[in-house]
1. Report, ordered by chain and residue number, the lysines lying within cross-link reach of A:LYS266, taken as a straight Cα distance under 28 Å and ignoring same-chain residues fewer than 8 apart.
2. Going highest first, how would you order A:69-78, A:231-240 by mean Cβ packing within 10 Å?
3. Select from A:LEU36, A:LEU140, A:LEU115 the residue whose mean-square fluctuation is largest in a Gaussian network model of chain A (Cα-Cα springs shorter than 10 Å).
4. Charges at C-beta only: +1 for Lys and Arg, -1 for Asp and Glu. How large is the resulting dipole of the protein assembly as shown about its Cα centre, in Debye rounded to 20?
5. Quick check for you: which residues of region A:84-122 have the amide N under 19 Å from the point 7 Å beyond the Cα of A:LEU140 toward its beta carbon?
6. Counting partner chain Cβ atoms within 10 Å of every residue's Cβ in B:62-68, what's the average?
7. For the pair A:GLU129 and B:GLN2, what calculated FRET efficiency results from E = 1/(1 + (r/R0)^6), where r is the Cβ-Cβ distance and R0 = 30 Å, to the nearest 0.05?
8. Assign one of three labels to chain B, namely rounded, prolate or oblate, based on the Cα gyration tensor with a ≥ b ≥ c the square roots of its eigenvalues; rounded applies when a/c is under 1.5, prolate when it is not and a/b is larger than b/c, and oblate otherwise.
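What follows is calculated from the coordinates using simple rules that are stated; it is not laboratory data. In this text, all values refer to a predicted model and were calculated from it rather than measured experimentally. Positions of Cβ are backbone-derived with ideal geometry, glycine not excepted, and every protein chain shown enters the neighbour counts.
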Amino acid sequence: MEEREVVVEVKDLVKDFGDRTVLNGIDLKVYRGETLVIMGGSGCGKSTLLRHMIGNIKPTSGRVELLGEDITDRYDAELDNVRKKIGMSFQSSALFDSMTVAENVSLPLKEHTNLEQSVIDIMITMKLELVGLRGFEDLLPSELSGGMRKRVGLARAIAMDPQIVFYDEPTAGLDPIVASVVDKLIKDLSEKLSITSVVVTHDMKSVFAIANRVAMLYQGKVLEVGTCEEIKNSKNPMVQQFISGSFDGPIHFFQQKDDYLEDLTK
Amino acid sequence: MQINMEDMNGVTIVRMNGDIDINSAPDVKKSFDTTVSEKKDKVVINLKEVGYVDSSGLATLVEILKNLRSYGGKLKLTNLSAKVKGLFEITKLDKLFDIVPEEEDAVGTF
């Protein structure tokens, strides 16, 4: 059997913020060409894990490899080369408000290439066509809906023809129809352009619409990794509770502490 | 990226070898400056030895096509590998360019 190429590898990753351990021994691999969805409740550490994968933050211990390079101890300037090969779609879209759609999408091309403006302009038209926004080049982000801003962010993420695109909560704050549009776009881009995708989300509809594999995070650990079918049929009650969105189950939203009354009266 | 240009019976044949990507696209664009300034109106680009064309490479080919068309010039692309042809199809550029299987066929059909 052909061995699959690993493009991201996280090894025994631990991250502490003060005395709080957010990631507690994460082992995870991402294979070339797949869409891996990292799901879990708010505050479970999934966005923190994503930021480690792109070298934005450094772990307390453990290693991170991106496209065959150990990026654990590298800082911004040393990460430039490998970062040119990845794209990032942020939860907030992270567009520059004072720049038009075309200027936002062309930013990485102007920063990292020697291409002539006339060639960049053609590339922008091609990228905006892929996300269904051709004709909106001259508008400002404030003149777009939330879903359109997400798509502009996507066009910018794929501007440099990345090998991997990382998505942080791509459907957060969108209505169900626009969320489906964004899901379909992520799936189309992955399939048509053979892009590897790593998606962080807690939107269960998105998970099963786009994932080849799913990793569920809970309390800083990977609870389970598997295909959509394997996750749907998981015997783990925590996975099942998360999928069903049920209040009752082993996952508690509120920490039950015995010292509440003491806290009130101290 | 190696670019070889040859004039054959009034047709400019350009043979490329290597990937057309963000690194090589500016050179590819520059290599057509003379072709455009001399208003060569029949151009064939043979992509037989081109393994990959990224979006900057595709955009560069579109820019070359635009420049040629500005004075009535014509461009044909030949010998695309299945992978490269797929890239043209995804971006719908297969409908923009005149894509011909073999170089000989292209030369004879202007």
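1. A:LYS257
2. Working: A:69-78: 13.1, A:231-240: 15.5.
Descending packing order for the listed peptides: A:231-240, A:69-78.
3. A:LEU115
4. So the magnitude is around 480 debye.
5. Under cut-off, by backbone N: A:93-107.
6. Taking all residues of B:62-68 together, the mean is 3.
7. For R0 = 30 Å, the calculated efficiency reads 0.45.
8. rounded
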